[in-house]
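The values are calculated or read from the model by the stated rules, or taken from the named source; none is laboratory data. None of the values given here were measured: they were computed from a predicted structure. So basically every Cβ, Gly included, is an ideal-geometry build from the backbone, and we count neighbours across all protein chains shown. Note: accessible area is taken over every heavy atom of the protein model, side chains too, but ligands, DNA and RNA are not part of it. Shrake-Rupley method; radii C 1.70, N 1.55, O 1.52, S 1.80 Å.
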Amino acid sequence: MTSTTRTRARRGEGALLREEILRAAEDLLAEHGSEDALTIRAVAARAGISTPSVYLHFADKEALLETVCLRVWDELGRLFRENAGGDPFVALGRCGRAYARFALTHPVQYRVLLMRSTPEGPAQAATECFRHMVAVVERCVESGILRGDPERLALTLWSAVHGCVALVLAQPGFPWPDVDELVNQAVIVAGFGSAMLSRVPPEGVPASAELAEDLDTLAERLRNRRPYRKDQASP
């Protein structure tokens with residue numbers, strides 16, 4: 001592990017020192033791919049400062065870990081904003097896939113912020129994710145493609161996509177198929193399933209043979225309505 005010698009910060013340089021600490025922590029996470037490498041001592045050594053200097057800005061390792069992970073969370077909001085335009089149902093699918101890509105691109109941050117229990121209440125990251133999801137779902141409800149309470153629908157969709165990426169992150173050695181295709185299929189199933197369930201309550205689902213016949217009829221109608229385009233035909 002490398003370190004540098006750093007002179008004592010002058011008055012007014014506290015914000016700069018805090019930024020150096022966070023950059024050092026980010027480097028450690030990127031190099032090791034695990035939050036276990038992020039100790040106060042290791043961060044201090046990487047930043048070239050004393051351990052007490054870190055404690056001036058962060059109460060403990062958990063506070064430092066959460067802060068450094070939250071630094072990437074603005075990117076998730078940007079991805080939702082970039083993908084939320086156009087047809088609401090198509091946008092819902094784009095946002096779901098963007099969410100999954102974000103999680104798989106930032107696995108350490110995602111595990112820390114959304115895959116650990118928070119007994120003190122909902123984590124900031126979870127609250128922000130839910131807010132992004134609800135905003136996209138509300139447009140679908142307004143357009144009529146989804147029916148029901150936007151928050152309840154958003155929870156269901158979020159659970160489906162999170163479950164997919166959480167399995168991939170937790171079991172990297174499993175013989176997964178192409179991950180992008182796996183995510184795409186999970187998003188499609190969640191989107192179409194929500195659209196159907198919002199119209200047909202579970203107790204109203206017919207027997208398998210009858211349901212299969214009805215779905216075949218619906219699928220045929222959808223195929224004949226307009227030319228099939230992969231970028232528009234799925235959520």
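Structure notes:
- Checking Pro175 against (1) more than 26 Å from Ser34 (Cβ to Cβ); (2) outside any helix (DSSP H, G or I), the condition it does not meet: (1)
- Selection status of Glu181, closer than 18 Å to Gly148 by Cβ, open to solvent by 50 Å² or more (accessible area, probe 1.4 Å) and either within 20 Å of the chain's Cα centre (by Cα) or not small (Gly, Ala, Ser) (or both): no
- The residue of the range 30-56 that is farthest from His106 (Cα to Cα), among those that are surrounded by fewer than 21 Cβ atoms within 10 Å (Cβ to Cβ), among the hydrophobic types (A, V, I, L, M, F, W, C) and modelled with pLDDT under 90, is Ala37.
- Against the conditions (1) buried (at least 17 other Cβ atoms within 10 Å of the Cβ); (2) out of contact with any Leu (no Cβ under 8 Å at 6 or more places or on another chain); (3) of a type in the set (A, V, I, L, M), Ala135 satisfies every one except (1).
- Contacts under 8 angstrom Cβ, first residue in the range 51-63 being touching a residue at least 12 places away in the same chain (Cβ under 8 Å) and within 21 Å of Ala123 (Cβ to Cβ), partner not in a helix (DSSP H, G or I) and not hydroxyl-bearing (Ser, Thr, Tyr), 6 or more apart: Lys61/Leu38
- Scanning the range 57-74 turns up one or more residues that are closer than 27 Å to Glu142 by Cα, surrounded by fewer than 17 Cβ atoms within 10 Å (Cβ to Cβ) and not hydroxyl-bearing (Ser, Thr, Tyr).
- Any hit, the range 193-211, residues being in contact with a Lys or Arg (Cβ under 8 Å, 6 or more places away or on another chain), crowded, with 16+ Cβ neighbours inside 10 Å and either more than 12 Å from Gly96 (Cα to Cα) or small (Gly, Ala, Ser) (or both): yes
- Answer from His57, His132 - the residue that is in a loop (DSSP other than H, G, I, E, B) and over 24 Å from Gln171 (Cα atoms): His57
- Looking only at residues of the range 104-120 that are outside any helix (DSSP H, G or I) and touching a helix residue (DSSP H, G or I) at 6+ places or on another chain (Cβ under 9 Å), we find that the one that is farthest from Ala195 (Cα to Cα) is Thr118.
- For the range 135-159, a residue qualifies if it is touching a residue at least 24 places away in the same chain (Cβ under 8 Å), closer than 18 Å to Tyr99 by Cβ and in a helix (DSSP H, G or I), and the qualifying residues are Ala135, Val136, Val137, Arg139, Cys140, Leu153, Ala154, Leu155, Thr156, Leu157, Trp158.
- Against the criterion of being under 22 Å from Leu104 (Cα atoms) and either of a type in the set (Gly, Ala, Ser) or assigned to a helix (DSSP H, G or I) (or both), Glu75 qualifies.
- So Phe130, is it without any contact (Cβ under 8 Å) to a residue 40 or more places away in the chain and surrounded by fewer than 20 Cβ atoms within 10 Å (Cβ to Cβ): yes
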